[in-house]
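Each remark here refers to the structure printed beneath this line.
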Amino acid sequence: MAPAAPWPRHLELRSFSLNTRKKYFARKKQASRAVTKTETDQAMQSTESSTSASSNPMEQLAGFFANYHPEMESTMKHRALLATPTDPNTFFQSHPMSKESFKTLLAAQSFQGKLHDVKDTVQAMKELDLSDPKAETLALLSAASKSKNLSTAKEVFESTMAASPMNVDRRVFAAYVSALVAGGDLEGGFLQVQRMKELGLTPSSKVYDHLLTGCIRANQLSRAWDLYREMTSSGVDPSAHTLTIMIKACAVERKAEMAVSLFDQFETLQLRPTDVTYNSIIYACAQNERMFRDALRYYDRMLGAEVEPSRHTLAALILACSRAGYVGRGLELMKTFSTLGFAADERICNTLIAMFARAQDYTKIVKDERRARDLSAIRDPMRGESDIEALKLNPITPEDREANIRNAWAIFNTMEAEKLPISAVTLNAVLKVYTAAHKAEEAEAKVFPLYSKFGLPKTGQFYRHLMRMHMELGEQQRVYDYYKEMKKNGIAPDLSTANLKLRTAMDGDNLKETLSVLREMKQLDLKPLDQLRARLLRIKQPPLVLRNALAMFGVYYS
């Protein structure tokens, strides 16, 4: 199916005009291609080879933020290594048969994770009496890390330690720790740090960086912070790579203020933020709807620093707009990046649909740019409030809500047409576009059948959206019915759904349901929200059963 509607007119609040940004990105892309070609020429000394190799952007190696980490930064060196052929026959057509050429070949093979090629090259170097033990060890460990071959990494390192321990320096330890972390042996990585100290070697920032990355991947965030403090207290200065990793940790923990504090250290330490640094700080701010404006400011700083954005930047920016329901800016960004050849995948599309759903709550789509600037001027920058606070002064109209629904369907239909994966996340976002607008009948008629069509389960999010809608409509029995159906389908109540039912019961002065949900929350180790507890405590002459129910949570009437 074709998109249901074209992109609507949208809000323009950026300091750069759309045309200016198009020209900026066009210049950056042209410059990037020119630089990449020059590097490839130097690495391969072959114009024909460099032209084809320069079409391999580092972006293809990077996932979204769940797997996106600073090792994937598209540096000049990395681009050259990616452009270097790993087949010896092709490589030596443009390189002399020397030890330095073999080391260059090893570096390219190991960086691209071609472990078998590295082993063959190491054997060839020995046969030609061009062996370089340290370079070979580093290449084998690096390739083992890239290919996540833990057994090979352990074999190479231990054999090197036994045969020539003098060749095992901090670089070799760093490569080994990287391989251990990549192979899932985080504890083994920490043991190597202790081993280094016993040998009188001070762990380098790269060793710490690999361990910090492993901690974040394993969701051991408190351990990551302990390690970071150990690193800084031991006199090891954090690198740009280190700070970027910790900013990502802040993003995972939704600690945007701490992420901003870490970003400020780049200037203090005279370090240059990378593309991943900017993407991580934008993502961290995007997690906080009151700091979505800061995410857009860091995007401006990214452009000002001549750092080229990627689709990861787009994903973070769209998330920021989604958190705030800032439809105009989200559409503007999407159109800008689309014009420049950045295609949206299912995650970005899901976030765009969620943006329209969020906009149904309170956002007024201001079509008059002058009026938008007037509203923006109301914002007090010292308080850190977003333009959304000003836009909330204008209640959303039925026309705005219908536009959000049409645009959500346009994204959904595009996903179907492009054969992008449709998940429960997608359908839940479409559902919320209706529930946030209190369109119960349309949601049941148009969205419910999609779960059967795509063979997707109705998740806790599905029931949460419906319960919230009926609670806001004052249809308390429907809330209880969906809560009961959710449990019948084997979905345990979470903090949000339990508190939704509690609020519904309190709004309806239903003592029986209030007591029921309080007892259930105690069994599930869930706590009432502070505002709900405060409401309960304001009840005059509460019955004894309610006093006892609240006492289970350590809350007592005075």
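Read the figures in this text as sums done on the coordinates, not as results from a lab. This structure is a prediction, so every number in the text was calculated from the model and none was measured. Neighbour counts run over all protein chains shown; Cβ positions are idealised from the backbone, glycine included.
Overview of results
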quantity: Extension reserve of the K419-V236 stretch, reckoned as 0.36 nm per residue once the Cα distance is removed; calculated: 61.0 nm
quantity: Span per principal axis, largest first, for the Cα atoms of region 129-244 (Å); calculated: 47, 28, 24
quantity: Packing rank of 237-250, 299-312, where each peptide gets the mean count of other beta carbons within 10 Å, highest leading; calculated: 237-250, 299-312
quantity: Value of relative contact order over region 400-558, rounded to a whole percent, pairs C-alpha under 8 Å and six or more apart; calculated: 14 percent
quantity: Cα-Cα over 30 Å, subset of K77/K248; K255/K487; K248/K335; K335/K419; K458/K512; K206/K419; calculated: K255/K487; K206/K419
quantity: In Hz, Karplus ³J(HN,Hα) per residue of region 122-134 (6.51, -1.76, 1.60; θ = phi - 60°; x = Gly, Pro); calculated: 4, 5, 5, 5, 5, 5, 8, 6, 10, 5, 9, x, 5
quantity: Relative contact order (percent, whole number), region 281-368, Cα cutoff 8 Å, 6+ residue spacing; calculated: 30 percent
quantity: Using θ = phi - 60° and Karplus 6.51 cos²θ - 1.76 cosθ + 1.60, couplings along region 181-197 (whole Hz; Gly, Pro as x); calculated: 5, 4, x, x, 9, 5, 5, x, x, 5, 5, 5, 5, 5, 5, 4, 5
quantity: Debye equation applied to the C-alpha atoms of region 437-505, log10 I(q)/I(0) at 0.15, 0.17, 0.24 Å⁻¹; calculated: -0.46, -0.60, -1.11
quantity: Percent of C-alpha pairs per 10 Å bin, region 488-531, short to long; calculated: 30, 58, 12
quantity: Whole-number percent relative contact order across region 483-546, with pairs defined as alpha carbons under 8 Å at least 6 apart; calculated: 27 percent
quantity: Residue-span extension gain [K134 to K446] - 0.36 nm each, minus C-alpha spacing; calculated: 105.9 nm
quantity: Protection proxy ranking, peptides 413-419, 255-261, 496-502, 229-235, average beta carbon neighbours within 10 Å, highest first; calculated: 496-502, 255-261, 413-419, 229-235
quantity: Cα-only Debye scattering, region 168-312: base-10 log of I(q)/I(0) at q = 0.17 Å⁻¹; calculated: -0.94
quantity: Rg(Cα)/(2.2 N^0.38 Å) for region 263-358, N = residue count; calculated: 1.05
quantity: Estimated vicinal HN-Hα couplings, Hz - region 425-431 in sequence order (Karplus 6.51, -1.76, 1.60; Gly, Pro = x); calculated: 4, 4, 5, 5, 5, 4, 4
